[in-house]
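The values are calculated or read from the model by the stated rules, or taken from the named source; none is laboratory data. Source: prediction; values computed, not measured. As a convention, Cβ positions derive from the backbone with ideal geometry for all residues, glycine included, and neighbour counts pool all protein chains shown. Please note that ligands, DNA and RNA were not included when accessible areas were found on the heavy atoms of the full protein model with its side chains. Shrake-Rupley method; radii C 1.70, N 1.55, O 1.52, S 1.80 Å.
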Amino acid sequence: MDELERTVVQLWEAKRLAAWGDIPHGRLALLLLDNAAEISLRRTAGANMLEAEMYSNMAYSLRSVEPDDEEGQKLKAQIDARTLSNKQKKQIDRNFDALVDYVFRDEQHALAIEYGECLKILHRYRNAAYHRDTIRADILGPAVQILFFLCCHLIKSERQLISEIREAPSGILEVLDGDLPVSRWPAHSFDTQTIAHHVADRLLDQLRLDNYGIAKALSEHLIARLDNLVRDLDEIGASVPPGITRWATLRLVQQAPEKLEDFHAEPADDFWTRPLPITEEVIESWFSGARSLRAIPVAHDALRAFAEIERPLEGIEEPVARFIWDIERLKQQRLDYLRGK
């Protein structure tokens, strides 16, 4: 219950910060939500690991099963599949994507895999927001809403080997503000799962993040990123004298060398004819898909459609960002030169 209180207070502070609707507060809200998501995932992973340890003990007991014992070998294989090696534990502990994969590979997990894929996406976006100061409000706002939605559903789906029953802590009572769930336990006590579900549903309701609300946020986030991509492509094209078309810019950014030693190499003979994954038609199809997202009535379907566009979009955003950074650096060098620096 104390762990839940810490998470609930964290979400409530994120909600308060997000209400400002600006970048400084929204960025802090995103960091709080990303941490809340990771902590919730770790609680579920911890419960799964305790079970995996039990299977490890069973596997140790079956280590002497004879090779010709078909039933014994079959049982041993089933038990071994539920164990977890020390190497896997370290990877899960150190890598967010590995943590998500471990939690969501459990067939009994309450959430669809699409929730996990979007958690990875928002974690990468959180890293960008944390390490850079170039985030846009029209992209950040929906990202906070999406992560809020994911955090609330993570809390509701947490796996608990033991459910604590006690009076709700003051931090949770303050957030609920008298709106307590029905309890079958005496002395105003609640079990952890009941209070977690109630808090998550209350927050989702206050933020209007039902199925249509999250579909709207997903759509707005993608459209804002696509608008930003198009602006960056046009800026790159205008910066190449005497100015090149978006078609040519897309060819340039997708085939530009990444290593310094490759910059003086001659371009490939099929530079202008080679089929490339991202074209103007593909970008337009992304816009169309992002707009149609708003009408998807089921959350995990909307999350899946979002991820299908976001994955390739992120792939083109990275080389475009390198070009924009170089352009900004050259602009700064010219200013420094004119100022005599």
Qualifying positions in region 299-327 - hydrophobic (A, V, I, L, M, F, W, C), open to solvent by 10 Å² or more (accessible area, probe 1.4 Å) and touching a helix residue (DSSP H, G or I) at 6+ places or on another chain (Cβ under 6 Å) = A305, I309, F323, I324
Considering only residues of region 122-144 that are open to solvent by 70 Å² or more (accessible area, probe 1.4 Å) and not β-branched (V, I, T), which is nearest to L32 (Cα to Cα)?
-> Y130
In region 54-84, the residues that are within 17 Å of H109 (Cβ to Cβ) and loosely packed, with under 12 Cβ neighbours inside 10 Å | A81
For region 1-48, how many residues are in contact (Cβ under 8 Å) with a residue 60 or more places away in the chain, small (G, A, S) and surrounded by fewer than 21 Cβ atoms within 10 Å (Cβ to Cβ)?
-> 2
Name the pairs whose Cβ atoms lie under 7 Å apart, with the first residue in region 214-243 and closer than 16 Å to I327 by Cβ, the second of a type in the set (S, T, N, Q) and surrounded by fewer than 17 Cβ atoms within 10 Å (Cβ to Cβ), and 6 or more positions between them or separate chains?
-> G237/T245
When restricted to D201, D179, the only residue of a type in the set (D, E) and within 30 Å of the chain's Cα centre (by Cα) is D201
E51 vs. criteria touching a residue at least 40 places away in the same chain (Cβ under 8 Å), part of a helix (DSSP H, G or I) and surrounded by fewer than 17 Cβ atoms within 10 Å (Cβ to Cβ) | yes
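Give region 213-231 a look and list any residue that's within 19 Å of the chain's Cα centre (by Cα), of a type outside the set (K, R) and open to solvent by 50 Å² or more (accessible area, probe 1.4 Å), or say none.
E220
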Filtered residue count, region 249-273, keeping only those that are surrounded by 11 or more Cβ atoms within 10 Å (Cβ to Cβ) and either among the aromatic types (F, W, Y) or more than 33 Å from the chain's Cα centre (by Cα) (or both) | 3
Would you check if F287 is open to solvent by 20 Å² or more (accessible area, probe 1.4 Å), among the aromatic types (F, W, Y) and not in a helix (DSSP H, G or I)?
-> no
Could we say that H197 is part of a helix (DSSP H, G or I), open to solvent by 20 Å² or more (accessible area, probe 1.4 Å), touching a Lys or Arg at 6+ places or on another chain (Cβ under 7 Å) and under 19 Å from A110 (Cα atoms) here?
-> yes
Does region 233-248 contain at least one residue that is open to solvent by 40 Å² or more (accessible area, probe 1.4 Å), acidic (D, E), under 30 Å from A302 (Cα atoms) and not in a loop (DSSP other than H, G, I, E, B)?
-> yes
